[in-house]
1. Across 5 Å bins from 0, what is the distribution of all Cα-Cα pair distances for segment 345-405, in whole percents?
2. Got the relative contact order for segment 46-279 handy, in percent, Cα pairs under 8 Å and 6 or more residues apart?
3. Rounded to the nearest 500 deg cm²/dmol, what is the calculated helix-only ellipticity per residue at 222 nm for the chain, with -39500 (n - 2.57) per DSSP H run of length n ≥ 4?
4. Which of these, 187, 46, 413, has the largest mean-square fluctuation under a Gaussian network model of the chain (Cα springs below 10 Å)?
5. Grab the other residues whose beta carbon is less than 14 angstrom from that of residue 54, score K and R as +1, D and E as -1, and report the net.
6. List the pair-distance distribution P(r) of segment 284-423, using every Cα-Cα distance, as the percent of pairs falling in each 10 Å bin from 0 up to the bin containing the longest distance, rounded to whole percents.
7. Lysine pairs in the chain 8 or more apart or on different chains: how many have alpha carbons under 22 angstrom apart?
8. For the chain, give me the percentage of DSSP beta bridges that are antiparallel, rounded to the nearest 5 percent.
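Computed from the coordinates by the stated procedures, all read-outs in this text should not be read as laboratory data. Nothing here was measured: the structure is a model prediction, and the numbers come from that model. Cβ placement follows ideal geometry from the backbone for every residue including glycine, while neighbour counts extend to all protein chains displayed.
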Amino acid sequence: MNSYRDLLSQNDPEVFQALAGEEVRQRQGVEMIPSENYTYPEVLAALGSVFTNKYSEGYPGRRYYGGQTYTDRVENLARERVCRLFRAEHANVQPLSGSPMNQAVYLAYLKPGDTILGMDLSHGGHLTHGAPVSHMGRIFHFVRYKTQPDRQGAIDFDALLEVAKETRPKIVLCGYTSYPREYDYAAFRRVADEVGALAMADVSHVAGLIAADALPSPLDAGFDVVTTTTHKSLRGPRGGMILSKQAQAKILDASVFPGLQGGPHMNTIAAVAIALKKAAEPAFRSYALQVLRNAKTLAAALLREGVVLVTGGTDNHMLVVDTVASFGMDGRQAEEVLDRVGITTNKQVIPDDPRPPLRPSGIRVGTPACTTRGMVEADMERIAGWMVEALRHPEDTAHLERLVGEVKAFCVAFPVPGLAALAAE
């Protein structure tokens, strides 16, 4: 036997078949979900490494288990690299994912019932920013601000300041999961200062674009705490990080461990270190700029076809399509139709959506993953055309079958990073 894949195929063929099927799906389709990406082969190697075996509760130099020479080394590398890349004073790289990283910040500074001012979910905010169905939404008092759809999604900071003065939040939180416009971090910082609140930003979606200096950083605007996942535009493994001023380091570290988590996943931290090294290279800045160009091209192509975009366009890597207004179908239907032709998107609520979350009025579309495969502006034009054709003819089986063939033939020219190396083992 010459690989772990051979062992898996012989000892658990059911899981192996699912893995092989997913590889085929990723090769033959176009991934357009803005929160997904293809990571590096080196990251996949670290995730499947012997660091998986090691328990490392605590922090470098202060662990509760022995045998930490090399785990300390990779965690220190990850911390040093992220601080240098984002111009942060301190970093915690142990959060297991995006939800616990945000929870750790809330629990570090707040008591149950304290107020957080965050973006409304339907206007672009995230589940962890106070959705009523989340545990954090029940523990803390979230006041939600909205965008102005009639002004292309702009935020009224005068109104936001009035809300902050009325509700006196302990944290002013900016960040999004489906907001196609850029934030005015300095304006958020001013609101936080006016009410004596902590300024926090969740940049999970755009961390890679910030790392490449393709978009502005909230740390440069003086934010106290910035959180981010590591797998979206940053192209790393699935994990989370908390960046802060040095004055916040002790309370945040204690909130992550022992406050919220036990042993960190050292294989993931090693993989994070690898991704951060990649993000500091010139090629990554070129990649980030292409992500933005591709998003703007995709938006322009859809607008030319009469497609209705929430906020009327994009300043970042994503756009939200109002599928009810554009095609007379809800987001779930649109997602399913596009899945059939090999274009993966996700159903998405739109501002003040009258429809339920599982049958919302839109879909969310983004360009990080397709850009990773080497697609450029001309390719976005083709993808936009296929999307419109499929959604305008959802019941035309022959038409959809033709599109399936075109998408598959198109994808052959764009290898998926990591999969060729795996298949060759």
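1. 4, 15, 18, 19, 21, 16, 7, 1
2. That works out to 30 percent.
3. -14000 deg cm²/dmol
4. 413
5. That works out to -1.
6. Values per bin, smallest distances first: 12, 41, 35, 11, 1.
7. 15
8. Among the beta bridges of the chain, antiparallel pairing accounts for roughly 55 percent.
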